[in-house]
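Let me begin by presenting the structure, written as structure tokens, before commenting on it.
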Amino acid sequence: MEYRRVGESGLLVSEIGFGAATFGASGEFFGAWADTGPHEARAIVDMCLDAGVTLFDTADVYSDGASETVLGQALEGRRDRAVISTKAALPTGDGPDDAGSSRRRLIRSVDAALRRLRTDYIDLFQLHAYDAATPVAEVLDTLDGLVAAGKIRYLGVSNFSGWQLMKSVAAADAAHRTRYIAHQVYYSLVGRDYEWELMPLGLDQGVGALVWSPLGWGRLTGQIRRGAPLPAVSRLHRTSDAGPPVDDQMLFDVIDALTVIAEECERTVPQVALNWLLRRPTVSSVIVGARNPGQLRDNLGATGWALSDDQIRRLDAVSFREPGYPHFPYHRQAGFAKLSPPLFSAAGQNSAN
């Protein structure tokens, strides 16, 4: 296991993190794939720690807070070995203060998370979404106070657009407030939109990416094949419409390429898909989930080896989709290359590595 700094901060995390969204079992959406109880969770956390995983990610909306509770129980007695990341801002109820990032909501959310996690500090606290109704200055001032109080060590966000993140970072710098160091984002071989605006922003501003759903909402687990029905046990039966959309033709083209390369490497399809992500710019940690030890063991096998340059180029090419305006490749037009060289070429080849 390798360890990486999150953005330009001093926080070190394992290159593979564990996502505890499967811990607990309640809620209509975020609880739809959650069925791991305390006993099973402790066994999974044991495996993670033994493999060198330090980052454990959760949120207050996962199983209505039960994910935080189960994770706290599973980490009892070895809290100092874990970097705990949790999130708040999404709705947790129908009340007027049950959503958003107001001062009242954030303070209440952090205190509740600390109780559920059985800890007196959160290593990385992230806003789960941008709250347009609360002034950025109020959000930053509140979070800065929570850092000063010792309840939070580092700050991050999740699912922000480029302008939302840049506005927040610029405001923090101007007011000398604690800066966001992490952006938890969706990024996978079948969802590369992160590359066109958020990745260059992360490079420029020193914000590291923590990748959620790196297997494309369960599509790159190796269980889905061209012309074959969905496996009997798959969260896609219940949640496919809620996840990031993927064009079927693209999906199967990527799966075909992954299958060939997995055979070349004597690895599994998900191991290849995760290893590709570990080579991308700004990526601090790739967060994987697992319902059982077998899934976790397979995902952990993505570390300790590297795809060849040729294999990376082939995956880049098959997964590339031209972005929309204003992110389409200006380098194809004479004169623009010198002004704004693209991070990725039209063939999908990464020019930053």
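The values are calculated or read from the model by the stated rules, or taken from the named source; none is laboratory data. Here the structure is a predicted model, which is why all the values come from computation and not from measurement. No Cβ is skipped: glycine too gets one built from the backbone with ideal geometry, and neighbour counts run over all protein chains shown. Just so you know, the surface numbers come from the protein's heavy atoms only, side chains and all, with ligands and any DNA or RNA stripped out. Shrake-Rupley method; radii C 1.70, N 1.55, O 1.52, S 1.80 Å.
Comparing 56, 252, 18, which has the greatest mean-square fluctuation in the GNM of the chain with Cα pairs linked when under 10 Å apart?
252
Just want to confirm a number: the relative contact order over region 267-312, from Cα pairs under 8 angstrom separated by 6+ residues, in percent.
Working: 28 pairs, mean separation 22.9, N = 46.
Contact order relative to length: 50 percent.
Looking at region 3-339, send over the antiparallel percent of its DSSP beta bridges, to the nearest 5.
Working: 5 of 35 bridges.
Taking every DSSP beta bridge within region 3-339, about 15 percent pair in antiparallel fashion.
Rounded to the nearest percent, how much of the accessible area of the chain (1.4 Å probe, protein heavy atoms only) is carbon and sulfur? Please list the in-between numbers first.
Details: 7820 of 15090 Å².
That share works out to 52 percent.
What Kirkwood hydrodynamic radius do you get for the chain when you take the inverse of the mean 1/r over all pairs of distinct Cα atoms, in Å?
Details: mean 1/r = 0.0480 Å⁻¹.
Across the chain, the inverse of the average 1/r is 20.8 Å.
Charges only on Cβ, +1 for Lys and Arg, -1 for Asp and Glu: so what's the dipole of region 3-339 about the Cα centre, in debye to the nearest 20? If you can, show how the numbers build up before the last one.
Numbers: 35 positive and 41 negative charges, 80 e Å.
In debye, rounded to 20, region 3-339 gives about 380.
Enumerate the calculated ³J(HN,Hα) couplings along region 266-276 in order (Karplus 6.51 cos²θ - 1.76 cosθ + 1.60, θ = phi - 60°), each rounded to whole Hz, writing x wherever the residue is Gly or Pro.
Calculated HN-Hα couplings, in order: 6, 10, 8, 4, x, 4, 5, 4, 6, 5, 4 Hz.
In a Gaussian network model over the chain where Cα atoms closer than 10 Å are linked, find which of 263, 195, 40 has the largest mean-square fluctuation.
263
If contacts are Cα pairs under 8 angstrom and at least 6 residues apart, what is the relative contact order of region 3-339 in percent? Working shown, then result.
Numbers: 611 pairs, mean separation 56.8, N = 337.
With pairs under 8 Å counted, the relative contact order is 17 percent.
Suppose R0 equals 25 Å. What FRET efficiency, 1/(1 + (r/R0)^6) with r the Cβ-Cβ distance, do residue 94 and residue 161 give to the nearest 0.05?
Values: r = 26 Å, r/R0 = 1.06.
Efficiency, rounded to the nearest 0.05: 0.40.
For region 295-300, just list the computed ³J(HN,Hα) in residue order, Karplus coefficients 6.51, -1.76 and 1.60, θ = phi - 60°, integers in Hz, with x standing in for Gly and Pro.
Residue by residue, region 295-300 yields 4, 5, 4, 5, 5, 5 Hz.
Test of understanding: in a Gaussian network model of the chain with alpha carbons linked when under 10 Å, which of 272, 169, 190 would top the mean-square fluctuation ranking?
169
Express as a percent, rounded to the nearest 5, the fraction of DSSP beta bridges in region 1-125 (both residues included) that run antiparallel. Before the final figure, lay out the partial values.
Numbers: 4 of 12 bridges.
If I count the DSSP bridges inside region 1-125, around 35 percent turn out antiparallel.
Using helices alone, what [θ] at 222 nm do you get for the chain, with -39,500 (n - 2.57) per DSSP H run of 4 or more residues, divided over all residues and rounded to the nearest 500?
Numbers: 12 runs with 128 residues, N = 353.
Only helices count here, giving -11000 deg cm²/dmol.
Out of residues 5 or more away from residue 154 or on other chains, whose amide H comes under 5 Å of its own, with H placed 1.01 Å from N in the peptide plane?
124, 125
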